Amino acid sequence: MNRFATIFNGFENVHLTKDVGMIPAAFSKKKGFNKSIIYYWDKTGNKSSEEQPLLITKPIYSKYRFFYFLKLMQEIKKDNISIINVYHDSIQTALLLIVFKVLNIKTYLKLDMDRISYKALFARYKSKSIIDRLRLYGLKKATTVSVETYEIYNKLDNDKTFSNKLIRIPNAILIDTISTKPLIYDKRKNTIVVVGRIGAYPKNHELILNTLSAIDNIGDWEINFIGPICEEFVQKIDNFYAKNVRYKNNVKFLGSKNRDEMSSIYAKSKVFLLSSLSEGFSLALVEACYFGCYILSTDVGGAYEVTNKAKYGYIYKPEDLKLVLSNLDDDKIKDSYCERLSFGESEFNIEKYIEKLTGRLLE
């Protein structure tokens, strides 16, 4: 029997419904695989192993990084792990990949990467730094490497960074983590949802508030901002309401919601709005797509994929958001609803990609 494990130092329970948790859980469902494990660094000694329905979370206690890695290697050997999953372009990841190559353990590097981090990776080819060269050397030791977007995949494929090891796996959803089914379109509300850390600079939520200020009204549409609010953004929200009393009842800040609450919100909303300056591949985009929301997004990672090349949504320039929000066409949004649902359920089911990944890792 094979066994899949993920190493993610900063693991918390919230990660169980993100790629960190859903990928190992999906491997647990595969025939020929024992229950997957997530290893993480516990600096306090207060954590204990927990057995979830589809995986085990196992803290490795150590106050010091060196001893954490020694204990980690002992656990990997004891648990008879055959495939190790690591994340991101870092010196830690590179060193782990070198060690696992020596130990003849298959490795899967999930290289979540946006345009900025791609440029940083590519710059290392010209660097004379020993650390930069070591990072490149280590990353190339992975058995299989995945990126999430067509854009980054094509760039890495063209420059042959990972040779024939590279595959594209978008952010996706494990159906077992979804508790709500999408409502039919006519039962949905005229709601636009904005999800993320509200006011965080990369999310560019100020663009939405400034755009709304320049619009007389948005008809019977309601915009709900969902997520924790950055302290420095609270004053901007207060200023927005002071200057735009007309939006008191149809622009709302709802705070953080749990996974089930978010599923319910997506299931009954019509539009998802993303205003980010930069994204790797937002899971919120995927979840909104999966539930059939019409996607309005800036040109960031994942937008091209979840809209099926803008067929099931609109990728806008920031200066055009006023025009977009002023001309929302409910009939047009409704027309492609059934196709959007079918596309989201088919394209972003994580188990579809686990089959492809397993073939690469075990060939």
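Results, tabulated for the structure shown:
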quantity	calculated
Pair list, Cβ under 8 Å, 6 or more apart: region 121-132 residue in the same structural domain as Ser90 (by TED's automatic domain parsing) and surrounded by 13 or more Cβ atoms within 10 Å (Cβ to Cβ), other residue modelled with pLDDT of 90 or more and in a loop (DSSP other than H, G, I, E, B)	Leu121/Asp89
Qualifying residue in region 315-326 (condition: within 30 Å of Thr144 (Cα to Cα) and modelled with pLDDT of 95 or more)	no
Positions within region 276-315 being among the polar types (S, T, N, Q) and either touching a residue at least 24 places away in the same chain (Cβ under 8 Å) or farther than 24 Å from Lys189 by Cβ (or both), in sequence order	Ser276, Ser278, Ser282, Ser297, Thr298, Asn308
Odd one out for Glu279, checked against (1) charged (D, E, K, R); (2) modelled with pLDDT under 95; (3) surrounded by fewer than 16 Cβ atoms within 10 Å (Cβ to Cβ)	(3)
Count - residues of region 15-38 that are under 20 Å from Leu109 (Cβ atoms), surrounded by fewer than 22 Cβ atoms within 10 Å (Cβ to Cβ) and either of a type in the set (D, E, K, R) or without any contact (Cβ under 8 Å) to a residue 24 or more places away in the chain (or both)	3
Residue tally, condition part of a helix (DSSP H, G or I) and either touching a strand residue (DSSP E or B) at 6+ places or on another chain (Cβ under 7 Å) or within 21 Å of Ser117 (Cα to Cα) (or both), over region 273-325	13
Failed criterion for Val145 (all others in (1) without any contact (Cβ under 8 Å) to a residue 60 or more places away in the chain; (2) more than 22 Å from Phe27 (Cβ to Cβ); (3) hydrophobic (A, V, I, L, M, F, W, C); (4) assigned to a strand (DSSP E or B) hold)	(2)
Count - residues of region 48-71 that are surrounded by 12 or more Cβ atoms within 10 Å (Cβ to Cβ), among the charged types (D, E, K, R), assigned to a strand (DSSP E or B) and more than 23 Å from the chain's Cα centre (by Cα)	1
Positions within region 72-99 being at pLDDT 95 or above, surrounded by 12 or more Cβ atoms within 10 Å (Cβ to Cβ) and in a loop (DSSP other than H, G, I, E, B), in sequence order	Asp79, Ile81, Ser82
Residues that are assigned to a helix (DSSP H, G or I) and either in contact with a Lys or Arg (Cβ under 7 Å, 6 or more places away or on another chain) or surrounded by fewer than 21 Cβ atoms within 10 Å (Cβ to Cβ) (or both), drawn from region 239-262	Asn239, Phe240, Tyr241, Ala242, Lys243, Val245, Arg246, Tyr247, Arg259, Asp260, Glu261
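Rundown of residues vs (1) surrounded by 14 or more Cβ atoms within 10 Å (Cβ to Cβ); (2) within 22 Å of Val286 (Cα to Cα); (3) assigned by TED's automatic domain parsing to the domain that holds Lys252, yes/no style:
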position	(1), (2), (3)
Lys155	yes, no, no
Asn158	no, no, no
Ile169	yes, yes, no
Lys181	no, yes, yes
Arg197	yes, yes, yes
Ile208	yes, yes, yes
Ala214	no, no, yes
Asn217	no, no, yes
Ile223	yes, yes, yes
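The values are calculated or read from the model by the stated rules, or taken from the named source; none is laboratory data. The shown structure was predicted, so the numbers you read here are calculated from the model rather than taken from an experiment. Reconstructed Cβ throughout: ideal geometry from the backbone, glycine too, with neighbour counts over all protein chains shown.
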